[in-house]
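Working notes, beginning with the structure itself.
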Amino acid sequence: MSLNRPLSPHLSIHKKVLTAVFSIFHRFTGICLSLGAILLSVWIILIALGPDYYSKFQSLSSLIFFKIFLFLWTLTIFYHLYNGIRYLFWSYGKMMELSTVYKSGYVVIILSIISTMLVWISI
Amino acid sequence: MKNYASKWIMQRLTAVILIPLTFWFVYQCVLLSSYEYDQIKSFFFSKINASLFFVLIIAMLYHAKLGNETIVEDYVTSVNLKKITKLSISVLTYSSMILTTISLFYIVSS
């Protein structure tokens with residue numbers, strides 16, 4: 001008997017359902033943003049330690065790599081924010097019709113992109 | 001299994017608190033990242049900014065703790081690994097909260 005046989009729930013053969021993808025992505029962005037929250041704490045600690053320590057952060061934040069990182073952070077936080085609002089409605093049993101679930105899913109993606117663009121254009 | 005209902009409520013309560021604060025802070029954060037040291041200090045000298053940031057970071061860290069614990073509960077099957085990960089999450093969260101609070105008070109009062 002082969003031990004390599006696929007295990008239930010046979011994820012690999014199922015069609016990827018939009019709601020499941022959104023849910024996994026919500027958790028994935030959540031983990032990333034947790035690390036972001038810790039970096040935010042480190043940032044505040046560096047400010048408290050004084051300009052000498054803060055200059056270490058500045059040598060990093062002036063890099064183009066950091067700007068890309070910050071851009072992805074804004075996109076991530078907006079996705080998690082809008083999708084989170086969608087889940088808050090679900091917690092109250094609202095907007096749970098299948099067609100609304102799909103429509104609001106696309107709205108989340110569109111709003112995340114628009115919000116990210118607005119923040120970076122206005123700066 | 002203890003008080004999962006209160007954790008569920010806290011997860012959503014912190015989420016609601018974070019909605020307006022996130023809109024405010026994402027914009028500020030991108031601006032602040034290119035500021036000089038003195039400009040950042042003057043940002044935090046404003047009592048409103050310092051208070052809003054304090055609520056944001058505490059709510060964010062707590063929301064993250066609850067979320068990560070839920071993920072660990074769902075995917076980690078080994079009892080020992082579950083204990084270790086949840087302990088690490090708690091240590092990271094509470095040490096970040098304490099250090100951030102001390103730092104913020106130090107910045108505001110200096």
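On the given criteria, is residue A:115 within 17 Å of residue A:23 (Cβ to Cβ) and facing chain B (nearest Cβ under 9 Å)? Can you show your working first?
On the way: within 17 Å of residue A:23 (Cβ to Cβ): no; facing chain B (nearest Cβ under 9 Å): yes.
Answer is no for this residue.
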Checklist entry - Do we find a residue being closer than 18 Å to residue A:37 by Cα, touching an Asp or Glu at 6+ places or on another chain (Cβ under 8 Å) and either surrounded by fewer than 12 Cβ atoms within 10 Å (Cβ to Cβ) or within 11 Å of another protein chain (Cβ to nearest Cβ) (or both) anywhere in the range B:61-71? => result no
Item to check | Complete set of residues in the range A:95-123 that are free of Cβ contacts under 8 Å to residues at least 12 places away in the same chain and assigned to a helix (DSSP H, G or I) | outcome: A:98, A:99, A:100, A:103, A:106, A:110, A:114, A:117, A:118, A:121, A:122
Checklist entry - Quick one: residue B:19 ticks every box in (1) surrounded by fewer than 17 Cβ atoms within 10 Å (Cβ to Cβ); (2) among the aliphatic types (A, V, I, L, M); (3) farther than 18 Å from residue A:87 by Cβ bar one, so which box is it? => result (3)
Checklist outcome for this item: In the range B:24-52, anything at the interface with chain A (Cβ under 8 Å from one of its Cβ atoms) and either farther than 23 Å from residue A:56 by Cβ or in contact (Cβ under 8 Å) with a residue 40 or more places away in the chain (or both) is listed as B:26, B:27, B:41, B:44
Item to check | Residue among B:90, B:95, B:103 that is more than 10 Å from chain A (Cβ to nearest Cβ), in a helix (DSSP H, G or I) and among the polar types (S, T, N, Q) | outcome: B:90
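Would you mind finding the one in B:85, B:77 that is hydroxyl-bearing (Ser, Thr, Tyr) and in contact with a helix residue (DSSP H, G or I) (Cβ under 6 Å, 6 or more places away or on another chain)? Give the steps one after another, and end with the answer.
On the way: B:77 fails: in contact with a helix residue (DSSP H, G or I) (Cβ under 6 Å, 6 or more places away or on another chain).
One residue alone meets the criteria, B:85.
Yes or no: residue B:13 under 13 Å from the mean Cα position of the chain (by Cα), at pLDDT 95 or above and on the phi < 0 side of the Ramachandran plot? Break it down stepwise before answering.
Values: under 13 Å from the mean Cα position of the chain (by Cα): no; at pLDDT 95 or above: yes; on the phi < 0 side of the Ramachandran plot: yes.
In short, no.
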Checklist entry - With respect to residue B:81, is the statement that it is away from every other protein chain (no Cβ under 12 Å) and either part of a helix (DSSP H, G or I) or of a type in the set (Lys, Arg) (or both) true? => result yes
Next on the checklist: Please determine whether any residue of the range B:36-56 is of a type in the set (Ser, Thr, Tyr), part of a helix (DSSP H, G or I) and touching a Pro at 6+ places or on another chain (Cβ under 9 Å).
Outcome noted: yes
Checklist outcome for this item: Only unsatisfied item for residue A:110, checking (1) out of contact with any Leu (no Cβ under 9 Å at 6 or more places or on another chain); (2) at pLDDT 95 or above; (3) surrounded by 13 or more Cβ atoms within 10 Å (Cβ to Cβ), is (3)
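Of the residues in the range B:72-100, how many are β-branched (Val, Ile, Thr) and loosely packed, with under 15 Cβ neighbours inside 10 Å? Give the derivation first.
Within the range B:72-100, the subset β-branched (Val, Ile, Thr) is B:72, B:76-77, B:79, B:84-85, B:89, B:91, B:93, B:98, B:100.
In the following step, the residues that additionally are loosely packed, with under 15 Cβ neighbours inside 10 Å were identified as B:77, B:79, B:84, B:91, B:98.
Qualifying residue count for the region: 5.
The values are calculated or read from the model by the stated rules, or taken from the named source; none is laboratory data. Quantities reported herein were computed from a predicted structural model and do not represent experimental measurements. Because the Cβ atoms are built from the backbone with ideal geometry, glycine has one as well, and the counts that use them run over all protein chains shown.
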